[in-house]
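Inspection log for the structure reproduced underneath, given as structure tokens.
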Amino acid sequence: MEAIYLFMLFILFTGVGVPICYSLGISSILYLVFTNPSFLMMLPQRIWAGTNIYVMIALPLFILAGELMNRGGITQRIINFSLYAVKPIKGGLGEVNIFASMIFGGISGSSVADTSAIGSVLIPQMIKKGYSKGFATGVTVASSTMGMIIPPSVPMLTYSMISGASVGGLFLAGLIPGALIGISQIIISMYISKKRSYLLDIEEEVKGKKLFHVAKEGVLALIMPVLIVVSISFGIATASESAGIAVFYAFIVGFFVYKEIKLADLPQILRKTTLSSSSVMIVIGFSMIFSWVLAMIKFPYMVAGFFTGLDVNVFWILLLLDLFILFIGMFVDVTPALLLVTPILLPVMQALGVNPLQFGSILIVGLAIGLVTPPLGMCLNACTKICDISIIDIFKNALPFLICNIVILLLVTFVPEISLWLPRLAGLM
Amino acid sequence: GCASKEEIPETANETTEKSAQPIVMKVGHTHSAGTPRYQSFEKFKEMVEERSNGAIKVEIYPSGQLGNEQEMIEQAKLGTIQGVRAGRFDDVATELLVYTMPFLFDDVESFQKVTRGEIGKKIAKAAEKNNIIILSTGDAGGFRNITNNVRPIKSPEDLKGLKIRTPGVESIIKTMETFGANPVSIPYVETYMSLKTGVADGQENPCVNIESMKFDEVQKYMSVIEYQVHPDPFYVNLEWFNSLSKENQDLVQKAAEDMTSISDEMTTKANVEALEKIKANLEVNVLTDEEKEKFKELAKPVYDYFVNEKGYFTQELIDEIKAQ
Amino acid sequence: MDKFDACLTKIISWSCIFLMGLLTIFVITSVFLRYVCSISFVWAEELITFLFLATTYFGLVIGVRDNEHICIAFLSEKLNGKGKTVLGILIGIVIIFVQIIIVKESIHWIDQVGNVLSPGLRIPNKYIYYMMPTSCILVVVYEIIKIKNLIVNSKEIQKIFMEIGRSN
Ligand code: NA
Ligand code: NA
């Protein structure tokens, strides 16, 4: 029960606005000072350990690739292509937003990158077209959750590192749940758009551009997701290598083909990349001391004990697992949550017959919802920075779309084949 | 009956001992449930707690809960935890690397004779300068063999130019280079995919690892070359160990040796079973003594490199081991 | 003070840009060498990791400088005037406290275990470990500048100072 104090300290400090990383630090420090001050010497080692993870090099590289795509015109062309793609269903910009996130999800490994990339291009356009600010931001953050579910995915890399599950297998496991979320969100978006009679004149967006032209330009942009998914899923390159390939490709296309990147922009892009990557890595670093303290006070055994001690049907255990993941996702960011939850619950779930790939899918789909729920929702944070609207307002507008995520979470939890069919087909399990 | 006559002195005894808190020994490792290391550590806990009548309490932190091997060795050096079983030999004492010299041991028996004998104690002594006492040294996983997708390896020529995935262990990389292979550094968890797609042609590992990581599914040949074996030292914080009473030191020492025997026995058994399973999936060739001789001859510069260039251990130590 | 801030920020910013650029080039080059030329270096992975660590720890400093660190600004958005200033100062003090503890502990840590050689490049780990206390000290410097600016910019707090001055 000692863990309660640790969590309470953390909630207190984040609540008053101390940056998440320092909240994790100060709550661990205070806890150790009062229980075992000699353990304070673990502070530097654990923080270092959290930042010294080779596979995470993929993170800055995917962020950089995203930046280069935005500046180099690839993102805009993906949006143009999406405008044509949703034409047969008479969709508007809301559906374009979701569809573009599905494609972008296949490029960036991070949902936060997706929010900032698609949001910064599409939200202003949507508002101009008469969509409410709430709807525009809500649909953006909700569809961004696909960024970490549709491969490639940095959180999946983290999960693979902890669980030993194959990266290729995890990526394929995320494909169907990701696509299902996208399709169901598009349906919700069409329904709301029709009810509120948002404009549907998408043709104007690509007026003057022939379909052939859009497709031709789009091809170069669309090769990228294919390139990355194929190279990682089939093991041609490791995750960090294919992130490197993505950067190289985005630069070549943006600089030599579309000629939209200027060399003078590069320092600014690199600085922004360093900042985003560092602010994520440092949270991981500090979460390691937090989770080390949790391990030392045997919190993992407590939670595992709670789950194994439950004398109920597997159905209820899995349902409780979903609720537990949603709860953790409200307070802890995806990566530290994975680091805490995976080693404890994976053995418990395996004993119940849950495959590590399926457990990975459950965690990823569940924690993705946490990106859009206050108090700690990284996509919400990114979105408030793009346009001036409160976190709570974005969340309210994202809710109808999040129902899709919750339904898919339940599907992934109770229908193993949704995540396991493709990996089995590819011989990865 | 709850208060039988025999129980009265026992409870009295307990209260006197309980006034002094039990000594806590925190130990860690990175292996998961079901492995020899995990299971033998559980036995160690049982043995120590039973033999000390609860005066020493052992807390095990498995599966890398407290960090990776390098980090847990640091924690043991600093005294945050009291013990760890891990590799990373040069973090503790470069002398331990002598065990990993190519073809130093002909069989598991001669390896165990050294680790459990006087020479083993001498090598272990080198760790004390780093505030670590090595209570016992076991076999980390049995002899290492080579698998690949190109051809069965019978002579050094067969290995030439093959891209072999290696872990970041200096003596493995150096040996592979000396044999003419092209070592490729790939993380352990990504090895399966890299073998499947040809990023690497082959890899080297003990049979247990090859079987548990399913490398046999993506490889065509395995050559039982048994070129190297890794020690499994039980690193314990020296200061903590010295703070124990002589009686407690002896019982922890004895339990550590018993744990190592249990672990070694399980490892050997697991390797035999793994080899049987591997045989079902790929072509296995066992190198004859004459075939091995060519490799042994070729491996001499590796010894030179570590003795003369690096100065990790002395030629006398190697001669002593060979004389056993 | 402002000049010092600008100059220091410029140096660290350009270090970040340089390190991230180098990291990217190294990764792309190592991919090229492995797939096109079938060459791979064991030490390259380690060098890339060091560059990555450097971008994290120097990026941390710039993140603090630019207020880019991930936090819940809910309360500070609700507050204004004196309340906001006081909260800002308190948060700054928490950050400084955490960083000073890390500096203190990391000196002890590096002293104990810093002499272990890195497996690839075979240089003592302490030279790389020192990045952490260095970045912590830089963060403390920026937090002090920030607290100073908060006080200077806050009319209420200045008034309090002035009143203290008058009563003396
Ligand atoms: Na993705
Ligand atoms: Na979107």
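The rows are residues; the columns are (1) at pLDDT 75 or above; (2) more than 24 Å from A:ALA426 (Cβ to Cβ).
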{"site": "A:GLY182", "(1), (2)": "yes, no"}
{"site": "A:GLN185", "(1), (2)": "yes, yes"}
{"site": "A:LYS207", "(1), (2)": "no, yes"}
{"site": "A:VAL214", "(1), (2)": "no, yes"}
{"site": "A:GLU217", "(1), (2)": "no, yes"}
{"site": "A:ILE228", "(1), (2)": "no, no"}
{"site": "A:PHE234", "(1), (2)": "no, no"}
{"site": "A:GLU241", "(1), (2)": "yes, no"}
{"site": "A:ILE245", "(1), (2)": "yes, no"}
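Tell me yes or no: at least one residue of the stretch A:306-327 is within 21 Å of B:PRO62 (Cβ to Cβ), in a helix (DSSP H, G or I) and not aromatic (Phe, Trp, Tyr).
Yes, that holds for at least one residue.
If a residue must be out of contact with any helix residue (DSSP H, G or I) (no Cβ under 9 Å at 6 or more places or on another chain) and in contact (Cβ under 8 Å) with a residue 60 or more places away in the chain, how many such residues does the stretch B:114-132 contain?
Summing the residues that are out of contact with any helix residue (DSSP H, G or I) (no Cβ under 9 Å at 6 or more places or on another chain) and in contact (Cβ under 8 Å) with a residue 60 or more places away in the chain in the stretch B:114-132 gives 1.
Test of understanding: among B:MET176, B:MET193, which residue is within 14 Å of chain A (Cβ to nearest Cβ) and without any contact (Cβ under 8 Å) to a residue 40 or more places away in the chain?
So the residue among B:MET176, B:MET193 that is within 14 Å of chain A (Cβ to nearest Cβ) and without any contact (Cβ under 8 Å) to a residue 40 or more places away in the chain is B:MET193.
I'd like to check something: does the stretch A:289-300 contain any residue that is within 11 Å of another protein chain (Cβ to nearest Cβ), over 15 Å from the mean Cα position of the chain (by Cα) and at positive phi?
Yes: the stretch A:289-300 contains one or more residues that are within 11 Å of another protein chain (Cβ to nearest Cβ), over 15 Å from the mean Cα position of the chain (by Cα) and at positive phi.
Considering only residues that are surrounded by 24 or more Cβ atoms within 10 Å (Cβ to Cβ) and at the interface with chain A (Cβ under 8 Å from one of its Cβ atoms), which ones fall in the stretch B:67-90?
Within the stretch B:67-90, B:GLY67, B:GLU71, B:GLU74, B:GLN75 qualify.
For A:ILE284, only one of the following conditions fails: (1) modelled with pLDDT under 85; (2) over 21 Å from A:VAL112 (Cα atoms); (3) within 12 Å of chain C (Cβ to nearest Cβ). What is its number?
So the condition that A:ILE284 fails would be (2).
Of the conditions (1) closer than 13 Å to A:LEU402 by Cα; (2) within 16 Å of ligand 1 (Cβ to nearest atom), A:SER184 fails just one. Which one is it?
Every listed condition holds for A:SER184 apart from (2).
Can you tell which of C:VAL36, C:VAL27, C:VAL42 is at pLDDT below 95 and within 7 Å of chain A (Cβ to nearest Cβ)?
When all the criteria are applied, what remains is C:VAL27.
Filter the stretch B:155-170 for residues that are of a type outside the set (Val, Ile, Thr) and either crowded, with 22+ Cβ neighbours inside 10 Å or within 11 Å of another protein chain (Cβ to nearest Cβ) (or both); which is farthest from the chain's Cα centre (by Cα)?
Looking at the filtered set, the residue picked out is B:GLY161.
Residues to consider are B:GLY64, B:GLY54, B:GLY34; find the one that is away from chain A (no Cβ under 11 Å) and either under 16 Å from B:ALA270 (Cβ atoms) or surrounded by fewer than 20 Cβ atoms within 10 Å (Cβ to Cβ) (or both).
Only one candidate qualifies: B:GLY54.
Given the conditions (1) facing chain C (nearest Cβ under 10 Å); (2) within 23 Å of A:ALA3 (Cα to Cα); (3) free of Cβ contacts under 8 Å to residues at least 12 places away in the same chain, and given that A:GLY50 satisfies all but one, which numbered condition is not satisfied?
(3) is the only condition that A:GLY50 fails.
Do any helices (runs of 4 or more DSSP H) lying entirely in the stretch C:51-168 carry at least 1 residues that are closer than 26 Å to A:ALA382 by Cα and not hydrophobic (A, V, I, L, M, F, W, C), and which ones are they?
Qualifying helices (runs of 4 or more DSSP H): C:74-78, C:82-113, C:131-153.
Look at A:LEU357 and say whether it is touching a Leu at 6+ places or on another chain (Cβ under 7 Å), surrounded by 15 or more Cβ atoms within 10 Å (Cβ to Cβ) and not small (Gly, Ala, Ser).
Against the criterion (touching a Leu at 6+ places or on another chain (Cβ under 7 Å), surrounded by 15 or more Cβ atoms within 10 Å (Cβ to Cβ) and not small (Gly, Ala, Ser)), A:LEU357 qualifies.
Restricting attention to the stretch A:146-153, does a residue exist that is modelled with pLDDT of 90 or more and near ligand 1 (Cβ under 10 Å from one of its atoms)?
Yes, the stretch A:146-153 contains at least one residue that is modelled with pLDDT of 90 or more and near ligand 1 (Cβ under 10 Å from one of its atoms).
Taking the stretch B:206-243 on its own, how many of its residues are away from every other protein chain (no Cβ under 14 Å) and on the phi > 0 side of the Ramachandran plot?
Residues meeting the conditions: 1.
Mind checking which residues of the stretch C:111-168 are facing another protein chain (nearest Cβ under 10 Å) and more than 25 Å from A:MET281 (Cβ to Cβ)?
C:ASN115, C:ARG122
The values are calculated or read from the model by the stated rules, or taken from the named source; none is laboratory data. Because the structure is predicted, anything quoted here is derived from the model rather than measured. Here the Cβ is made from the backbone with ideal geometry for all residues, glycine too, and neighbour counts use every protein chain on show.
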